[in-house]
Structure formats: structure tokens, C-alpha cells
Amino acid sequence: MPRMRSKTDLPEKTCVACGRPFAWRKKWARDWDGVKTCSERCKGELRRANRTTGTAADVARA
Ligand SMILES: [Zn+2]
């Protein structure tokens, strides 16, 4: 018996901010490789976290 499949067979990634899997979305079609978070909210969380960590690259950018 074949396994149930989602109707669309989209690629998935794990959000680096919340750790949850998320599926490809059309708005990311241009930059799927660069997408690391599932939502704008997580993107913001990540940015805040990076700021707290204070890597040299972030300091240079700021
Ligand atoms: Zn997330």
C-alpha cells in the first residue's frame, strides 16, 4: 500500500529559529536556498538572536 502523500510534493526545510519544518512557498521561488525561517516573525527572532550573539560579521554590517 503506497504511503499517503501530500497533494503537492514540495521541498521542505527546518526553520532555524523555531526548529519546525516548513514547506516551500511560491513567494520563496526566487530564493529558496536563502530561506532559513518559516515566517517573517521567525526571521525577526533570528535577527534579534544574532544581534545578541554579536558576531563580527553582524557588527561590520551594523
Ligand atoms: Zn520558524
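Remark: segment 40-49, residue by residue, has Karplus-estimated 3J(HN,Hα) of 4, 4, 5, 4, x, 4, 5, 5, 5, 4 Hz, where x stands for each Gly or Pro and the curve is 6.51 cos²θ - 1.76 cosθ + 1.60 at θ = phi - 60°. Fully extending the segment from ARG3 to ARG25 would add 5.6 nm, taking 0.36 nm per residue of separation and subtracting the current Cα-Cα distance.
Bear in mind these aren't lab numbers, they're just calculated from the coordinates by the rules spelled out. This structure is a prediction, so every number in the text was calculated from the model and none was measured.
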